[in-house]
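Q: Provided herewith is a single structure, encoded as structure tokens, for subsequent inquiry.
The values are calculated or read from the model by the stated rules, or taken from the named source; none is laboratory data. These numbers come from a predicted model, not from an experiment. Backbone-built Cβ (ideal geometry, glycine too); neighbour counts: all protein chains shown. Quick note on the areas: whole protein, heavy atoms, side chains included, nothing else; ligands and nucleic acids left out. Shrake-Rupley method; radii C 1.70, N 1.55, O 1.52, S 1.80 Å.
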Amino acid sequence: MSSITGWAASAAGQPLKLTTFDVGELGAEEVEVAVDYCGICHSDLSMIGNEWGGSRYPFIPGHEVVGRVVALGAQAKGLSIGQRVGIGWTAESCMHCRPCLSGDHNLCAQSVATIGGHHGGFADRLRAHWAWTIPLPEGIDLASAGPLLCGGITVLKPFLAYDIKPTARVGVVGIGGLGHMAVKFAAAWGCEVTAFTSTAAKADEARSFGAHRVVASRDSDAIKTIAGSLDLLLVTVNVAMDWNALLGTLAPKGRMHVVGAVLEPIPVPAFSLIGKQREVSGSPTGSPVDIARMLDFAARHDIRPQVEMFPLAQVNEALQHLADGKARYRIVLQA
Ligand SMILES: [Zn+2]
Ligand SMILES: [Zn+2]
């Protein structure tokens, strides 16, 4: 198996075309996975358009893969042929730096993104390091699990990293691909959940995902009515907000945690932090063990991303649907 066939962009912003690539021998620590489902993440769109710089063409997007192991390198550990697995944002890390040896593989300076140094999952097959090829637990819904592997771990990571308690009051800014999963995870975690959305039509749906309260995210006066109340405010949007009003919603020792790729700098006045000992932070995805824990938790609580299915062959239509802001709330391609 030295070639793969996938949907590739030949240059920035080009439509994807079915293309076959020679990928050479499977590396000793690599695993080859046949793709059954692949979610579409907003970062696939950003990378197709080279919005962050550094995209390499021809470029096959896709980093929310659910599939089966079809080939194992000689030194690939812990997996078997035919096993159901998932691959998310990261395809490999160095495994010997301090972050990797400390269990913080997602912070490895040498980590390679699934769509950064590899061909991604909008394809018949893809490859990743064995440690980043995560076994799927029994009971997980395969068709909707893809988005958990990037978006799901991204929104659950702060709960793991900061030991968020079920008694915590949590706000989620933006009810989209990431945010709707954040609401579901926070509710299952046991927290009181406030959803912030600019789309009035999403309010009832946010409640159906588990939100106890919905606040208009573009209404600074409405935001101010819950000033000083939240222990964790998870920012999943990628656009500028009334940051001062949002920081004001934090309780003493509260934390605003950013997982949305907001390209404009976020102003943080010193006094909004000092007086109440607040914190502002961010994080990227999670380690392989974080991802496995997240999947176990999702399976146990039947947390399913709300997805729209498209056949892989309609990937360009699916990408346009996402670009138009019409995805409710995540798109999965079926191979
Ligand atoms: Zn992603
Ligand atoms: Zn490393």
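Q: Considering only residues that are within 16 Å of ligand 2 (Cβ to nearest atom) and part of a helix (DSSP H, G or I), look in segment 270-290 and name the one that is surrounded by the fewest Cβ atoms within 10 Å (Cβ to Cβ). Give the steps one after another, and end with the answer.
A: If we filter segment 270-290 for residues that are within 16 Å of ligand 2 (Cβ to nearest atom), which is where we start, we get 284-290.
Imposing the further condition that a residue be part of a helix (DSSP H, G or I) reduces the set to 288-290.
Values: PRO288: 20, VAL289: 13, ASP290: 20.
Filtering segment 270-290 for residues that are within 16 Å of ligand 2 (Cβ to nearest atom) and part of a helix (DSSP H, G or I), the one surrounded by the fewest Cβ atoms within 10 Å (Cβ to Cβ) comes out as VAL289.
Q: Could you list, ordered by first residue, the pairs with Cβ atoms under 8 Å in which the first is in segment 274-285 and more than 10 Å from LYS157 (Cβ to Cβ) and the second is open to solvent by 60 Å² or more (accessible area, probe 1.4 Å) and not in a loop (DSSP other than H, G, I, E, B), at least 6 apart or interchain?
A: Qualifying pairs under 8 Å: LYS276/PRO252; LYS276/LYS253; GLN277/PRO252; GLN277/LYS253; ARG278/PRO252; ARG278/LYS253; GLU279/LYS253.
Residue by residue, here is whether (1) assigned to a helix (DSSP H, G or I); (2) surrounded by fewer than 17 Cβ atoms within 10 Å (Cβ to Cβ); (3) of a type outside the set (S, T, N, Q); (4) within 16 Å of ligand 2 (Cβ to nearest atom) holds:
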site	(1), (2), (3), (4)
ALA34	no, no, yes, no
CYS38	no, no, yes, no
ASN50	no, yes, no, no
GLY53	no, yes, yes, no
VAL66	no, no, yes, no
ALA74	no, yes, yes, no
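Q: Check segment 129-147 and report whether any residue there is hydroxyl-bearing (Ser, Thr, Tyr), within 16 Å of ligand 2 (Cβ to nearest atom) and within 15 Å of the chain's Cα centre (by Cα). It would help to see each step written out before you state the result.
A: Within segment 129-147, the first condition is being hydroxyl-bearing (Ser, Thr, Tyr), and the residues that meet it are 133, 144.
Filter once more, so that each one left must be within 16 Å of ligand 2 (Cβ to nearest atom): none.
Checked against the condition, which is being hydroxyl-bearing (Ser, Thr, Tyr), within 16 Å of ligand 2 (Cβ to nearest atom) and within 15 Å of the chain's Cα centre (by Cα), segment 129-147 yields no hits at all.
Q: Quick check: anything in segment 260-269 open to solvent by less than 40 Å² (accessible area, probe 1.4 Å), touching a residue at least 12 places away in the same chain (Cβ under 8 Å) and within 16 Å of ligand 1 (Cβ to nearest atom)?
A: Start the filter on segment 260-269 by keeping residues that are open to solvent by less than 40 Å² (accessible area, probe 1.4 Å), which leaves 260, 262.
With the extra rule that they be touching a residue at least 12 places away in the same chain (Cβ under 8 Å), the set shrinks to 260, 262.
This time we only want the ones that are within 16 Å of ligand 1 (Cβ to nearest atom), so: 260, 262.
Among the residues of segment 260-269, at least one is open to solvent by less than 40 Å² (accessible area, probe 1.4 Å), touching a residue at least 12 places away in the same chain (Cβ under 8 Å) and within 16 Å of ligand 1 (Cβ to nearest atom), which makes the answer yes.
Q: Quick check on segment 102-128: of everything there that is open to solvent by 50 Å² or more (accessible area, probe 1.4 Å) and within 17 Å of the chain's Cα centre (by Cα), which residue is farthest from SER287 (Cα to Cα)?
A: Filtering first and then ranking leaves LEU107.
Q: Filter segment 76-101 down to the residues that are under 23 Å from GLY151 (Cα atoms), open to solvent by 60 Å² or more (accessible area, probe 1.4 Å) and within 16 Å of ligand 2 (Cβ to nearest atom) and list them by number.
A: Scanning segment 76-101 gives TRP89, GLU92.
Q: Please go through segment 1-28 and pick out each residue that is in contact with a helix residue (DSSP H, G or I) (Cβ under 6 Å, 6 or more places away or on another chain) and surrounded by 15 or more Cβ atoms within 10 Å (Cβ to Cβ). Spell out the reasoning first.
A: Taking segment 1-28 as the starting set, the residues that turn out to be in contact with a helix residue (DSSP H, G or I) (Cβ under 6 Å, 6 or more places away or on another chain) are 7, 9, 15-16.
Of everything in segment 1-28, those that are in contact with a helix residue (DSSP H, G or I) (Cβ under 6 Å, 6 or more places away or on another chain) and surrounded by 15 or more Cβ atoms within 10 Å (Cβ to Cβ) turn out to be TRP7, ALA9, LEU16.
Q: Please count how many residues of segment 189-206 are surrounded by fewer than 18 Cβ atoms within 10 Å (Cβ to Cβ) and either on the phi < 0 side of the Ramachandran plot or in a helix (DSSP H, G or I) (or both).
A: Let us first name the residues in segment 189-206 that are surrounded by fewer than 18 Cβ atoms within 10 Å (Cβ to Cβ), namely 190, 198-201, 203-204.
Next, only the ones that are either on the phi < 0 side of the Ramachandran plot or in a helix (DSSP H, G or I) (or both) stay: 198-201, 203-204.
The qualifying residues number 6.
Q: Shifting gears a bit: Here is a check on your reading of the model: is VAL315 of a type outside the set (Gly, Ala, Ser), in a strand (DSSP E or B), at pLDDT 95 or above and under 21 Å from the mean Cα position of the chain (by Cα)? I'd like the intermediate steps shown before the answer.
A: Values: of a type outside the set (Gly, Ala, Ser): yes; in a strand (DSSP E or B): no; at pLDDT 95 or above: yes; under 21 Å from the mean Cα position of the chain (by Cα): yes.
Considered against the rule, which asks whether it is of a type outside the set (Gly, Ala, Ser), in a strand (DSSP E or B), at pLDDT 95 or above and under 21 Å from the mean Cα position of the chain (by Cα), VAL315 comes out as no.
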